[in-house]
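Below is one structure, written out as structure tokens; the observations come after it.
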Amino acid sequence: MTVAAGWQERTYRITRADLVAYAEASGDPNPIHQDEAVARSVGLPDVIAHGMYTLALAARYVDEEVGEPGRIKQIGAKFTRPVVVPAEGTEVVVVGEQRDDGTVLLTVTCGGEKVLGAATAVLRG
């Protein structure tokens with residue numbers, strides 16, 4: 001199995017307003033994603049993004065690179081490090097490489113550190 005040429009790197013800005021909107025849409029109102037004091041009270045450095053929001057950004061990246069939404073058959077990753085979202089926001093960087101079998105290997109980082117491990121997507125035909 002060979003790896004095709006890498007895809008273009010993309011940067012996604014995350015704001016706290018994004019987290020509020022995601023919490024409402026997903027039904028996950030956990031205050032560690034919105035309230036700085038609560039996040040710190042449980043040992044986090046600040047508010048953190050939902051893991052599934054970060055994975056959704058990886059899926060968005062694949063859709064944008066393929067240029068055809070709906071091609072993702074399967075996507076998965078391990079949540080290896082939280083995406084800390086300070087008041088001024090943060091950025092997540094995603095880059096991928098497509099193998100000849102339709103699997104896309106993804107690297108997802110924030111602040112230069114990997115936030116998703118073993119991130120892969122499988123494309124439909």
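What to note about this one:
- Selected residue (criterion: nearest to the chain's Cα centre (by Cα)) from residues of segment 1-55 that are of a type in the set (V, I, T) and over 30 Å from D100 (Cα atoms): I14
- Residue match in segment 18-25 (condition: loosely packed, with under 13 Cβ neighbours inside 10 Å, within 19 Å of G89 (Cβ to Cβ) and not hydrophobic (A, V, I, L, M, F, W, C)): yes
- Qualifying residue in segment 61-69 (condition: closer than 19 Å to G111 by Cα, among the charged types (D, E, K, R) and surrounded by 13 or more Cβ atoms within 10 Å (Cβ to Cβ)): no
- Residue pairs whose Cβ atoms lie under 6 Å apart, sitting 6 or more positions apart in sequence or on different chains, and linking a residue in segment 61-81 that is within 20 Å of A118 (Cβ to Cβ) to a partner that is among the acidic types (D, E), are R81/E113.
- Only listed residue being on the phi < 0 side of the Ramachandran plot, within 13 Å of the chain's Cα centre (by Cα) and assigned to a helix (DSSP H, G or I), chosen from A59, A121: A59
- With respect to (1) within 17 Å of Q8 (Cα to Cα); (2) part of a helix (DSSP H, G or I), the lone exception for V104 is condition (2).
- Candidate set from segment 34-58 (those that are surrounded by fewer than 18 Cβ atoms within 10 Å (Cβ to Cβ) and touching a residue at least 40 places away in the same chain (Cβ under 8 Å)); member that is farthest from R124 (Cα to Cα): E36
- Qualifying positions in segment 1-56 - part of a helix (DSSP H, G or I), β-branched (V, I, T) and touching a strand residue (DSSP E or B) at 6+ places or on another chain (Cβ under 7 Å): I32, T54
Quick note: the coordinates plus some simple rules give every number you see, no bench work behind them. As the structure is a computational prediction, the values presented were derived from the model and not from experiment. Virtual Cβ from ideal backbone geometry, glycine too; neighbours counted across all protein chains shown.
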